[in-house]
Amino acid sequence: MNSNIAFPGRGPASRIVALLTLCASTGVPAADTGPLSFSESRWEELVVVGSLLPRPAREVGSAVTVLGAHDIEIRQVNLGADLLRVVPGLSVNRSGPEGNVTQVRVRGAEGNHTLVLIDGIEANDPGISSEFNFADLLTYDVGRIEVLRGPQSALYGSDALGGVIRIESTTPASGLHAHGEVEGGSFGTRQLGASVGGAGARVSGLLSASRYTTDGISASAIDPEKDGFDTTTVHARLGVEPTPWLDARLVLRQTDSDVDNDRQDFDFPPTATEGLIVDANSSTEARRRYGLLEVNAELLDGAWLQRAAVGYTDTRSDGYTDAVRSNGTRGERRKFEYQSTLRLDRGTLSHAITAAVQRELLDFENLSAAFPGANQKQNDAQTSVIGEYALGLGAAASLSLSLRHDRNDRFDDATTVRATGSYLFERSGTRLHASFGEGITNPTFTELFGFDPGSFVGNPDLAPERSRSVDLGVEQALLDGRALVDVTLFKADLEDEIVTLFDFTTFVATAANQRGRSDRRGAELTARARLTGAWSVYASYTYLDASDPDGRREVRRPSHSGSVNLHYALGDGRGNVNLGAVFNGRQQDSEFISATPASRVTLGAYTLLNLAASYDVSDTLQVFVRGENLLDENYTEVFGYRSPGIAGYLGVRFQLTR
């Protein structure tokens, strides 16, 4: 996880990557060593996810949070979902121990309303409700995370109804570099990571591999058997620049994981443990493969930009009971894209007009050993046309308008729009930003066709979910630019929300569009500050009110959540100490116990206190230590599932440069 990375190439994509790299550590820097104030550095930082072209943060009207290389490195967490807990507007829920299903919701939307991009590849899994399972996302090769909040379907299509999370791998540095780390600690946890990469005048490359294993804890509060987890990720990227105006990029990634599962007791007739988590001799094996081939051309002295790309996602998941496969899914996405941008500058005005076309092919397969009739293959295809106009009014103001039209084989044509604006008052250090967006999420293959006639039956008459949202924010620089505070208010509505209906007579569930409108509204606060040359602080807070059409609160969305991170750089930057606290307020969840009159339960609030420290013993060797849940909180993120208690870890990293 190097924060001093660079990319020396001269092509269009490499220049963008180089600028991103230079800004990657501005999130919570160890010391103010640059010529710009912290606020100015933040406003000039390039953001990729907020537009069809990378734009400086001061021009992005939507609410965006960036976790750069430094943010990631000082926290030292192994799992990507734990990094995202500090981002305002996000709700993270894991079903028990590490490795179990982990969902991330944006501003009260559902988990499958969050679009995840890994090095530009759409990573949502067509085989598991078009959702990305964050359980096995390791941070070893992650160099940057951008989170774009609010409906973004005009840019990204279906699955971006709540927001977009863009994950970028570590950028290869100039020369040849080798990196490795070994870590061990509580619950029989071990992590190994190794990478080699480098960059020259025309070629750059990175190959990394990481493996994470843990004996874990029991997900059940009743049965003590531990539920283990292991996952391995191999990631490769190659960039070539045959000319200064042409470059190409290839990305390949594979993740394999195996997790032990407990089960929820739905036995009939009901038992004393009905609705609770009990031990089971079951496990889930998953394999996910991703690929991207991208070509960029910069013509007419940079005024005309061309991009062509082919993306590929191939997933499989198999469930085992008593070492025999009982069920499984297969998912495949093939995506073809072409994008053309014309940039015109006239005095203080700058114009960027972008047109793009996309073709997406989806395939799904369901496998069931117990119900051969549930075995099925389904597919879908969609063609989309996208347009975006971005206007810059000098260095202070910017506007953008995006429009997308989707023609889907299964559903009615859909058109979505997005508009953003930003204005920076440089003298006062105040930036106003606002956005309006529409979102759409198509029903998943599971919701349409089911997966097990004994437990879940599909509904082929489902309509897509739709959302509209508006947000307004103020970003203010304080303390002579050493501090930056952002307050954003948002309001969204969701129509035709797809919910699960459970029949307690037959114990069979199905999906249906909910009548009425689901409302989400709230406020997000982010504050970053350099207290001195050695001390810095990051804090976030979210207030969220998410309710169904009947007025009931949506489950697993706390009204109040937040985080505080205090960072100290010691020994002229050779060491780091980071104290972080994550607060999650009370939230409701569903329970399935027929003996109780209610169908909801309130999960208690909790605070997780974490401490991470590292020290560079030499230019090539670093030692680090980390403590998690230092208050030993006994907390629950999903009803019935236990979560880990206090834990400690110790490790070493090395880096060789040539």
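What to note about this one:
- Checking 381, 352 one by one, the residue that is in contact with a Leu (Cβ under 7 Å, 6 or more places away or on another chain) and within 18 Å of residue 303 (Cβ to Cβ) is 352 and no other.
- Residue match in segment 184-199 (condition: touching a helix residue (DSSP H, G or I) at 6+ places or on another chain (Cβ under 6 Å) and in contact (Cβ under 8 Å) with a residue 60 or more places away in the chain): no
- Scanning segment 192-207 for residues that are surrounded by fewer than 21 Cβ atoms within 10 Å (Cβ to Cβ), touching an Asp or Glu at 6+ places or on another chain (Cβ under 9 Å) and not in a loop (DSSP other than H, G, I, E, B) gives 192, 194, 203.
- Residues of segment 323-337 satisfying the condition of being open to solvent by 80 Å² or more (accessible area, probe 1.4 Å) and small (Gly, Ala, Ser): 323
- Residue check, residue 601 within 27 Å of residue 521 (Cα to Cα) and without any contact (Cβ under 8 Å) to a residue 40 or more places away in the chain: yes
- Look at segment 79-100: where a residue is under 19 Å from residue 187 (Cβ atoms) and of a type in the set (Ser, Thr, Tyr) and a partner is open to solvent by 10 Å² or more (accessible area, probe 1.4 Å) and not in a helix (DSSP H, G or I), sitting 6+ places away or on another chain with Cβ atoms under 9 Å, you get 95/101; 95/103; 95/640; 95/641.
- Checking 493, 486, 471, 452 one by one, the residue that is touching a Ser or Thr at 6+ places or on another chain (Cβ under 7 Å), within 22 Å of residue 87 (Cα to Cα) and surrounded by fewer than 20 Cβ atoms within 10 Å (Cβ to Cβ) is 493 and no other.
- Only one entry of 188, 162 meets the criterion of being surrounded by fewer than 21 Cβ atoms within 10 Å (Cβ to Cβ) and more than 26 Å from residue 658 (Cβ to Cβ), and that entry is 188.
- Of all residue pairs spaced 6 or more apart or on separate chains, those with beta-carbon atoms under 9 Å, a first member in segment 43-67 that is touching a residue at least 12 places away in the same chain (Cβ under 8 Å) and closer than 21 Å to residue 540 by Cα and a second member that is part of a loop (DSSP other than H, G, I, E, B) and acidic (Asp, Glu) are 57/45; 58/45; 66/45.
- When segment 441-469 is filtered for residues that are hydrophobic (A, V, I, L, M, F, W, C) and over 19 Å from residue 161 (Cβ atoms), the ones remaining, listed by number, are 449, 451, 456, 457.
- All positions within segment 624-652 that are of a type in the set (D, E, K, R), on the phi < 0 side of the Ramachandran plot and out of contact with any Phe, Trp or Tyr (no Cβ under 7 Å at 6 or more places or on another chain): 628, 637, 642
- Single residue of 611, 621, 566, 579 found to be surrounded by fewer than 18 Cβ atoms within 10 Å (Cβ to Cβ), at pLDDT 95 or above, at negative phi and touching an Asp or Glu at 6+ places or on another chain (Cβ under 9 Å): 611
- Test: residue 506 is polar (S, T, N, Q), surrounded by fewer than 17 Cβ atoms within 10 Å (Cβ to Cβ) and closer than 18 Å to residue 555 by Cα: no
- Top-ranked residue in segment 252-280 [being more than 30 Å from residue 170 (Cβ to Cβ) and of a type in the set (S, T, N, Q); ranked as modelled with the highest pLDDT]: 261
- Flag if residue 456 is aromatic (Phe, Trp, Tyr), under 27 Å from residue 130 (Cα atoms) and at pLDDT 95 or above: no
- Top-ranked residue in segment 165-176 [being open to solvent by 20 Å² or more (accessible area, probe 1.4 Å) and in contact with a Lys or Arg (Cβ under 7 Å, 6 or more places away or on another chain); ranked as modelled with the highest pLDDT]: 168
- Contacts under 6 angstrom Cβ, first residue in segment 261-290 being touching a residue at least 60 places away in the same chain (Cβ under 8 Å) and farther than 18 Å from residue 216 by Cβ, partner hydrophobic (A, V, I, L, M, F, W, C) and open to solvent by 60 Å² or more (accessible area, probe 1.4 Å), 6 or more apart: 275/592
- Total residues in segment 340-349 satisfying the condition of being in a strand (DSSP E or B), at pLDDT below 95 and of a type in the set (Ser, Thr, Tyr): the figure is 0.
- Qualifying positions in segment 211-252 - among the charged types (D, E, K, R) and open to solvent by less than 20 Å² (accessible area, probe 1.4 Å): 227, 241, 247
- Where a residue in segment 235-256 is among the aliphatic types (A, V, I, L, M) and its partner, wherever it lies, is surrounded by 16 or more Cβ atoms within 10 Å (Cβ to Cβ) and not in a strand (DSSP E or B), with Cβ under 8 Å and at least six apart: 240/202; 246/11; 251/119; 251/120
- Any hit, segment 537-559, residues being free of Cβ contacts under 8 Å to residues at least 12 places away in the same chain, closer than 24 Å to residue 109 by Cβ, among the hydroxyl-bearing types (Ser, Thr, Tyr) and open to solvent by 40 Å² or more (accessible area, probe 1.4 Å): no
- Once segment 141-160 is narrowed to residues that are part of a loop (DSSP other than H, G, I, E, B) and closer than 21 Å to residue 315 by Cβ, the residue that is modelled with the lowest pLDDT is 141.
- Among residues of segment 340-353, those that are of a type in the set (Lys, Arg) and surrounded by 13 or more Cβ atoms within 10 Å (Cβ to Cβ), counted: 1
- Checking each residue in segment 232-255 for being closer than 29 Å to residue 189 by Cβ and in contact with a Leu (Cβ under 7 Å, 6 or more places away or on another chain) picks out 233, 236, 237, 251.
- Any hit, segment 491-502, residues being of a type in the set (Val, Ile, Thr) and farther than 22 Å from residue 111 by Cα: no
The values are calculated or read from the model by the stated rules, or taken from the named source; none is laboratory data. Quick caveat: nothing in here was measured; it's all calculated off a predicted structure. Cβ atoms come from the backbone with ideal geometry, glycine included; neighbour counts cover every protein chain shown. The accessibility values were calculated without ligands, DNA or RNA, using every heavy atom of the protein model including side chains. Shrake-Rupley method; radii C 1.70, N 1.55, O 1.52, S 1.80 Å.
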